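The structure appears right after this line, and notes come after that.
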Amino acid sequence: MKPAPFAYAKARSLDEAIALMGENDARLLAGGQSLIATLNMRLSAPELLIDINGIGGLDGIALKDGMVEIGALARHAAVERSDTVAKHAPLIARAMPHIAHPAIRNRGTFGGSIAFADPAAELPACLLALGGEIDAIGPKGKRTIEADDFFKGLFETALGPQDVLTAVRVPTATNGMRFGFAELARRHGDYAIVGLAAAAKADGKKLGDVRLAFFGVGETPIRANKAEAALAQGNVDNAVAALDLDPSDDAQATAAVKKHLAGVLLRRVTAQLLGREQ
Amino acid sequence: MSAHVLDIVLSVNGDAVHERVDARKTLVDFLRDDLGLTGSHVGCEHGVCGACTVRVNGEIVRGCLMLAAQCDGAKIETIEGVSDSGAVADLQDAFEKRNALQCGFCTPGMILTAQELLTNGGATDRDTIREHISGNYCRCTGYHAIVDAIEAIAQTRGNK
Ligand SMILES: Cc1cc2nc3c(=O)[nH]c(=O)nc-3n(C[C@H](O)[C@H](O)[C@H](O)COP(=O)(O)OP(=O)(O)OC[C@H]3O[C@@H](n4cnc5c(N)ncnc54)[C@H](O)[C@@H]3O)c2cc1C
Ligand code: FES
Ligand code: FES
């Protein structure tokens, strides 16, 4: 299908983008890899697309005060190739190859993925597992939102209608930190049926500060708090038993299958966290 | 300024192009309908099949998920361009020899996608090749012959 008619504007600055959003039924256009697909299918029909790809300074990847900062317009392919990300945010580096396919990673942006907040997407879950933060700018100025407070509902975030997400930050990995990532998808690059991104502190043979962020099992990426506590006690069987996820059936799998697979992934990721990957 | 119709200037297969386009026109529709470059195909129109693959500023993208209006100032290369230049002649031969195409609908996208992997030196093994073409659907061949063809060219180019 073809999209319904809309107008197009290329924003030259954040101020211009914010002003344009205030006047119209408008949508920001970043990589377009989710937005244009929904327009083509006429799932959405905004009056105006505001292309932010021409705004300078939003695609950097850099170390900043003990954090790795990734600009909203950094393309998935650039994040995938980044040495800084590989070294200081290894969880994100591990997730990148699972996001769609090469041609889509050449266009899709980090910020677009977080702002779109697909419940089966990898990056929102990574952000949650890492305890990251999100910078946004709107008519009232700049603010920073914790990942734990950002994902509000199905495709719904803490961003207001005139907010632009400008950057995302995650703490740099330290020696004592361990990360785990696994997902199950029907075809490589498809959205996950179920996935898990995890971070923990290695504490002798035990784990501390466990953060488990599941995706594909709810309306947002979800922390499994009870399983986190059980895993910190060192018992993976208890952690699997403590999983209190409540997925719905979807086109890919039934709720029962998803719950089962979540347990399978938790065992795999626990092995990664304990350095006993099979 | 916002507009429903825009004038764009771009390079397509090395030629300078000036055109007036609807804001909602996708890049692949622009190439096919306005420029008559029908080698890029339109399958799903939502990013899933890869039939519309073209190069923008040297990188492969989905022609159905970019607007023509976004390509003002860009350098576009299509299967027609890379065929004429001879850059993929060996790959095209290998596809033909190994029956890596039947109806040919997916082939332009496959060739451009494979070429990116080969140029980056990434076609190291069959799994990597499969992963790289995972976003390109072929309804006819079952993929084995396609992987064979790409693998063969990775070897011959690597040995040169
Ligand atoms: C076939 C296919 C498979 C895919 N598979 C996966 C997958 O497995 N995992 C995955 O995570 N993704 C997948 N994607 C989606 C891809 O990762 C997208 O790139 C991403 O979800 C959105 O990023 P974008 O830059 O393309 O955003 P766009 O499509 O441009 O925008 C998406 C939404 O976010 C808003 N937005 C974008 N940027 C900002 C910003 N800076 N501030 C505020 N709002 C903003 C837009 O207004 C729009 O509503 C897939 C896409 C396709 C077509
Ligand atoms: S037509 Fe573009 S990916 Fe299918
Ligand atoms: S040869 Fe027919 S779709 Fe691939």
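Here are the numbers for this structure:
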read-out: Hey, A:Phe116 within 9 Å of ligand 1 (Cβ to nearest atom), open to solvent by less than 10 Å² (accessible area, probe 1.4 Å) and either in contact with a Pro (Cβ under 8 Å, 6 or more places away or on another chain) or at pLDDT 95 or above (or both) or not; value: no
read-out: Test: residue in the stretch B:123-135 that is free of Cβ contacts under 8 Å to residues at least 12 places away in the same chain, part of a helix (DSSP H, G or I), in contact with a Pro (Cβ under 9 Å, 6 or more places away or on another chain) and within 28 Å of A:Ala37 (Cα to Cα); value: yes
read-out: Scope the stretch A:127-183; condition of a type in the set (S, T, N, Q) and in a loop (DSSP other than H, G, I, E, B); matching residues; value: A:Gln162, A:Thr172, A:Thr174, A:Asn175
read-out: Residues of the stretch A:183-225 that turn out to be among the basic types (Lys, Arg) and free of Cβ contacts under 8 Å to residues at least 40 places away in the same chain, as a count; value: 3
read-out: Long-range neighbours under 6 Å by Cβ, at least six apart or interchain, first residue more than 8 Å from every other protein chain (Cβ to nearest Cβ) and more than 15 Å from A:Glu47 (Cα to Cα) within the stretch A:16-35, second of a type in the set (A, V, I, L, M, F, W, C) and surrounded by fewer than 22 Cβ atoms within 10 Å (Cβ to Cβ); value: A:Ser34/A:Phe116
read-out: Strands (runs of 3 or more DSSP E) lying entirely in the stretch B:17-110 (those with 2 or more residues that are within 16 Å of ligand 1 (Cβ to nearest atom)); value: B:53-56, B:59-62
read-out: Criterion (at the interface with another protein chain (Cβ under 9 Å from one of its Cβ atoms) and either at pLDDT 95 or above or open to solvent by less than 10 Å² (accessible area, probe 1.4 Å) (or both)) met by exactly one of B:Gly14, B:Gly47, B:Gly39, B:Gly43; value: B:Gly47
read-out: Those residues of the stretch A:43-92 which are over 24 Å from A:Glu16 (Cα atoms), more than 11 Å from every other protein chain (Cβ to nearest Cβ) and assigned to a loop (DSSP other than H, G, I, E, B), in sequence order; value: A:Asp65, A:Gly66, A:Ser82, A:Ala89
read-out: B:Thr113 vs. criteria under 24 Å from A:Ala100 (Cα atoms), away from ligand 3 (no atom under 16 Å from the Cβ) and polar (S, T, N, Q); value: no
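The values are calculated or read from the model by the stated rules, or taken from the named source; none is laboratory data. What you are looking at is a predicted structure, and each value in this text was computed from that prediction instead of being measured. Here Cβ is always computed from backbone atoms with ideal geometry, including for glycine, and neighbour counts include all displayed protein chains. Quick note on the areas: whole protein, heavy atoms, side chains included, nothing else; ligands and nucleic acids left out. Shrake-Rupley method; radii C 1.70, N 1.55, O 1.52, S 1.80 Å.
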